[in-house]
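Accompanying notes for the structure given below.
The values are calculated or read from the model by the stated rules, or taken from the named source; none is laboratory data. Being a predicted model, the structure only gives us computed values, none of them experimental. We place every Cβ from the backbone using ideal geometry, glycine too, and count neighbours over all the protein chains shown.
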Amino acid sequence: MKNNVSESKQEMKNNVSETEKETKCPECGSEELIGDYERAEIVCGECGLVIDDNLVDMGPEWRAFDHEQRDKRTRVGAPITYTIHDKGLSTMIDWRNKDIYGRDIPARNRAQWYRLRKWQRKIRISGATERNLAFALSELDRDSSRLGLPRSVREAASVVYRSAVENKLIRGRSIEGVVAASLYAACRRCNVPRTLDEIAEVSRVSKKEVGRTYRFLARELNIKLPPTSPVDYVPRFASELGLSGEVQSKAIEIIEKAMQKGLTSGRGPTGVAAAALYIASVLLGERKTQRDVAEIAGVTEVTIRNRYKELTEQLDMGVTL
């Protein structure tokens, strides 16, 4: 019960408007306002004036003490998502042959349920635009799964693709190419960097087409993203190489020193990140071969050697190959 009371207080607290949070006390001008969420009041901490009362609690009127009770008592569906063509607002007949009470559907009715499912799938998609979205978003979900991207990136990529559809930028371009470009833009926007090579590998288009489509979308949709930093690649590469957090920190320190001296300008971020990780692994006794690092980073051993020489000479690292 204690947990539910605290949840209710937090819910009410979250629903206090921004204007209420920023209001000064009209009596003494103090900004020290205290929210008394048991009495649904906002009180001045200096003079005690009640500034607002009868705050509305937007949370549910019921309480649940475990996950099962919460599922039974809730009366709303899943939140809106941009990763489904209809934003998840339409209904769906479940694939399992069970009724609402969990009982098996009689065998004589299963053919009828099969027909209902088929017609439900058809009526969920009405028109060419929705058909395009349904195909594209399923493609986006497939590519995201293969890249292991989080939900936030999928949502961001779906928003970019929807914007392209609304601005009629799809005509004359393949759906797969626009999906891959949207995914690349979302990865950069959410600071979960993936290279063009990685995006092209999971999609069914070439690296050249992904890059060309991304530049077109960025220009038409006014997407302005800063260049990818080598630091963003370090945690992923280090994790795949099995390197410790100490090596990661050292690699980031090397990259930051290189950025201060302008050594990363005009260099591929993955190559710089790979070279910094290689140097850090040598310095801290967790040495990996250049081939191992190159395979994980998706660059050649020659690139690592070139970046390695530049970093060690300019930063005076005192490391030998």
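Flag not set for residue 201, criterion: more than 30 Å from residue 263 (Cβ to Cβ), over 17 Å from the mean Cα position of the chain (by Cα) and either part of a loop (DSSP other than H, G, I, E, B) or not assigned by TED's automatic domain parsing to the domain that holds residue 271 (or both). Within the range 74-93, not a single residue is surrounded by 12 or more Cβ atoms within 10 Å (Cβ to Cβ), modelled with pLDDT of 80 or more and more than 28 Å from the chain's Cα centre (by Cα). Taking residues in the range 122-143 that are part of a loop (DSSP other than H, G, I, E, B), and partners anywhere that are exposed (fewer than 15 other Cβ atoms within 10 Å of the Cβ), the pairs with Cβ atoms closer than 7 Å and at least 6 places apart or on different chains are 125/131. Of all residue pairs spaced 6 or more apart or on separate chains, those with beta-carbon atoms under 6 Å, a first member in the range 153-168 that is without any contact (Cβ under 8 Å) to a residue 60 or more places away in the chain and a second member that is of a type in the set (Gly, Ala, Ser) and part of a helix (DSSP H, G or I) are 153/186; 156/186; 157/182; 157/186; 161/136; 161/182. Here the range 209-247 is the region considered, the condition is being among the hydrophobic types (A, V, I, L, M, F, W, C) and not in a helix (DSSP H, G or I), and the residue that is nearest to residue 276 (Cα to Cα) is 243. Within the range 231-271, the set of residues being of a type in the set (Val, Ile, Thr) and over 22 Å from residue 147 (Cα atoms) comprises 247, 252, 254, 255, 264.
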